[in-house]
Amino acid sequence: MGPIRALIFDVDGTLAETEEAHRAAFNAVFANEKLGWTWDVDRYRDLLRTTGGKERIARYLAEEGLGLPPERIAALHRMKNDVYMEIVRGGGAPLRPGVADLIAEARDAGLRLAICTTTSRVNVETLLDVALGPDERALFSPIVAGEDVAAKKPAPDAYVLAVARLGLPAAQCLALEDSRNGVLAAVAAGVAVVACPSLYTAQETFVGALAVVDDWRRLDWRSLAQSR
Ligand SMILES: [Mg+2]
């Protein structure tokens, strides 16, 4: 394999512990609406097995033997998304340790930087603008977001598109992920991937990953490039 010429970053759990901001947003809405519900880390880890915010609320209701009309669930979810954006704008989803240094090192070494996520474009851009500033955000090209692909990770679609837009062979790209689904997506697209588990993926396994680090500060992509 040739040298690494691009780093492709996942967003949620990789750049930042965004699920903690999502959980805080759910809890703020539940409190504002005087529902008396609180999701702690363990409960939320379990609820995360269900994809989609509305679906997650519905599952919680079912588990608790509660009922709400679908339109009320939809309204709660809209409120939650608004609160989530406020939290992110307020700096409530900071970059994980080591991420800013990785970005700076890669930029200085002339590597391309890309984003490959299945969250929405507005969420990604807001997070990057707050954490890095608009100038640094512009270093990331392409930004492949949820709107760009029909099939979410673990399907390879988002990575296939990111590699195509980079215009590089997949073998010259290195993906950074925090979850099993993300690792599977990268591998299926022929992209080597390094995993660093996040708060909500620590119990997962990362079969197929080139390496697993417990902290992004321990990722040395230069020596990784030589060893693969
Ligand atoms: Mg992730």
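Mind telling me which of the residues 104, 100 ends up being free of Cβ contacts under 8 Å to residues at least 24 places away in the same chain and surrounded by fewer than 18 Cβ atoms within 10 Å (Cβ to Cβ)?
Working: 100 fails: free of Cβ contacts under 8 Å to residues at least 24 places away in the same chain.
Sole residue among the options that is free of Cβ contacts under 8 Å to residues at least 24 places away in the same chain and surrounded by fewer than 18 Cβ atoms within 10 Å (Cβ to Cβ): 104.
Is at least one residue of segment 14-23 farther than 30 Å from residue 103 by Cα and not assigned by TED's automatic domain parsing to the domain that holds residue 171? Within segment 14-23 (the criterion being farther than 30 Å from residue 103 by Cα and not assigned by TED's automatic domain parsing to the domain that holds residue 171), the answer is no, since none of the residues qualifies.
Residue-level check: of (1) crowded, with 22+ Cβ neighbours inside 10 Å; (2) farther than 22 Å from residue 96 by Cα; (3) not hydroxyl-bearing (Ser, Thr, Tyr), residue 8 misses just (2).
Just so you know, in segment 8-44 the residues that are more than 15 Å from the ligand (Cβ to nearest atom) and not in a helix (DSSP H, G or I) include one that is nearest to residue 86 (Cα to Cα), and it is 33. If only residues of segment 176-197 that are within 11 Å of the ligand (Cβ to nearest atom) and surrounded by fewer than 24 Cβ atoms within 10 Å (Cβ to Cβ) are counted, the one that is nearest to residue 146 (Cα to Cα) is 181.
The values are calculated or read from the model by the stated rules, or taken from the named source; none is laboratory data. Keep in mind the model is a prediction, meaning the values are calculated, not measured. For neighbour counting, all protein chains shown are included, and Cβ atoms are generated from backbone atoms with ideal geometry for every residue, glycine included.
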